[in-house]
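The structure appears below as structure tokens.
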Amino acid sequence: MRLALLPGGSVYLDKGRVVTPGVDVGVRVHVPVWSALIESDDGRRIIFDTGMHPDHIVHPDATYEGTKSAGLMPAVMTYNDLLPNRLQQMGVATNSIDTVILSHLHWDHCGQTHLFPQATVYVRQDCLDTWSREVNPRVGKRDFFAADTYQFLPDAETAEIAPGVIVVHTPGHAVGHVSLIVTLPETGAVLLPVDALPMRECMDGTSHGAGPDQAAWKASRAHLLRLAGEHDATFFLSHDPNQWPRLRRAPHWYT
Ligand SMILES: [Zn+2]
């Protein structure tokens with residue numbers, strides 16, 4: 001089993017308003033967006049999250065233009081950041097990806113799902129149901145209704161989706177949000193908490209996470225910290241501009 005982190009561009013945003021409520025409100029930061037590629041021991045190739053829609057390459061505000069959030073989160077994205085190009089740099093054919101798992105259905109996590117028509121796409125049913133009702137219609141039509149069918153992840157606290165690949169239910173930031181634990185032979189366990197713990201300040205508790213359900217978020221944070229202890233896991237944070245430059249990125253692998 002091995003895992004690679006695929007850079008998917010970046011976003012400018014107000015740190016304290018979007019990612020770390022209560023800390024650094026009004027501070028503009030430049031945060032990474034990325035996906036993970038996992039080759040499991042049973043021969044599957046899994047993409048965890050599909051990043052931002054290709055429209056952002058030519059139109060940084062492609063998601064929020066015309067909404068009340070217009071101009072607040074401009075994206076920076078190049079052709080290199082498209083998942084098929086990242087995969088090609090790894091020597092991996094896009095049509096060899098058989099599984100896509102979506103942590104949740106926000107615009108920076110599901111935007112290239114349509115580029116994997118051959119893959120089985122997994123999401124939690126409560127996530128899809130909620131976003132079918134509440135989502136920015138542009139994101140819904142453009143991003144996640146682009147997949148023909150979804151397979152629903154098990155409605156459980158944890159579920160082993162492939163040998164050594166565990167999906168963890170971590171609601172709070174969004175209904176039906178999931179994180180991932182991957183146990184690698186040399187690196188050991190790595191925990192991808194996605195937007196349950198997007199930055200260091202959310203992990204260490206100086207900020208509560210951004211999201212509508214604070215009680216659920218606190219329970220998810222506690223659950224992740226407990227699991228990380230049990231698995232002796234290293235966190236790879238989804239939008240942390242300080243950790244990201246220190247992580248190993250594609251075309252290199254964590255083994
Ligand atoms: Zn995000």
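Lysines near residue 218 by alpha-carbon distance under 23 Å, same-chain residues fewer than 8 away left out - which ones?
Filter leaves 15.
Around residue 240, what is the net charge, scoring Lys/Arg as +1 and Asp/Glu as -1 over all other residues with Cβ under 12 Å from its Cβ?
Numbers: positive: 15, 200, 246; negative: 195, 201, 204.
Result for the local shell: 0.
Within 14 Å, Cβ to Cβ, of residue 63, how many net charges do the neighbouring residues add up to if Lys/Arg are +1 and Asp/Glu are -1?
Values: positive: 68, 138, 141, 142; negative: 55, 61, 65, 108, 143.
Spelling it out: positives minus negatives among the neighbours equals -1.
To the nearest 500 deg cm²/dmol, what mean residue ellipticity at 222 nm is calculated for the chain from DSSP H runs of n ≥ 4 alone, each contributing -39,500 (n - 2.57), summed and divided by the residues?
Values: 6 runs with 49 residues, N = 255.
Mean residue ellipticity, 222 nm, calculated: -5000 deg cm²/dmol.
So if I place +1 on the C-beta of Lys and Arg and -1 on the C-beta of Asp and Glu, and nothing else carries charge, what would the dipole magnitude of the chain be about its Cα centre? I want it in debye, nearest 20.
In debye, rounded to 20, the chain gives about 500.
I need to check one value: relative contact order of the chain, counting alpha carbon pairs closer than 8 Å and at least 6 residues apart, in percent.
21 percent
Looking at 96, 29, 219, which one has the Cα that reaches farthest to the positive end of the dipole of region 2-246 (charges on Cβ: Lys, Arg +1; Asp, Glu -1)?
Towards the positive end, the residue furthest out is 29.
Checking the cross-link filter: which lysines have an alpha carbon closer than 27 Å to that of residue 141, excluding same-chain neighbours under 8 positions apart?
Reachable lysines: 68.
What's the exposure ranking of 42, 240, going from fewest to most Cβ atoms within 10 Å? Mind showing how you got there, number by number?
Working: 42 10, 240 23.
In order of increasing Cβ crowding within 10 Å: 42, 240.
Each value in this text was obtained by applying a stated rule to the coordinates, not by laboratory testing. The model shown is predicted, which means the values in this text are computed figures rather than measured ones. Using ideal geometry, Cβ is built from the backbone for each residue, glycine included, and neighbour counts are taken over all protein chains shown.
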